Amino acid sequence: MVLYSFGFAAFIFHALPPEVAGPTIRRAFPYFYLFVIGSAAISSILISPFDLISAAFLALIAITTLPTRQLLMPAINRATDRADRASFKLLHGLSVAITLSHIFMTGWVLLRFIKI
């Protein structure tokens, strides 16, 4: 999640002109969210026999990524298309906060897993 969100996106905007970078990111992020949903759900199932609390957090990540992908991401795209910078900043900030919370939750699960 860290590499994709902060490495890949930053690289694309640095390496490509804005008129190419924006559409490229727009096409890539739905797959990122599918990866997060799938990996969190599978991880939740696999860890559940050993740690129900970690399984619940991973399930929460999977569940909360779905509306992020289906509702928030299209709203961000609409704000971009309308050149509505205020809405874009608010919505993008929310998506960053959600992703950061997912990263922290995943880190917490990994720390719990090390202790098992």
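Picking from residues in the stretch 97-116 that are in contact (Cβ under 8 Å) with a residue 24 or more places away in the chain and closer than 17 Å to residue 10 by Cβ, the one that is surrounded by the most Cβ atoms within 10 Å (Cβ to Cβ) is 99.
Take residue 80 and tell me if it is among the polar types (S, T, N, Q), under 29 Å from residue 110 (Cβ atoms) and surrounded by 13 or more Cβ atoms within 10 Å (Cβ to Cβ). No; evaluated as a whole, the condition is false for this residue. Every listed requirement among (1) closer than 23 Å to residue 4 by Cβ; (2) not in a helix (DSSP H, G or I); (3) not hydroxyl-bearing (Ser, Thr, Tyr) is met by residue 83 save one, (1). When residue 62 is tested against (1) more than 30 Å from residue 110 (Cα to Cα); (2) modelled with pLDDT of 95 or more; (3) surrounded by 12 or more Cβ atoms within 10 Å (Cβ to Cβ), exactly one condition is not met: (1). Taken over the stretch 1-58, the criterion of being farther than 19 Å from residue 104 by Cβ and touching a Leu at 6+ places or on another chain (Cβ under 7 Å) is satisfied by 24 alone.
The values are calculated or read from the model by the stated rules, or taken from the named source; none is laboratory data. This structure is a prediction, so every number in the text was calculated from the model and none was measured. Don't worry about glycine lacking a Cβ; one is built from the backbone with ideal geometry, like all the others, and counts go over all protein chains shown.
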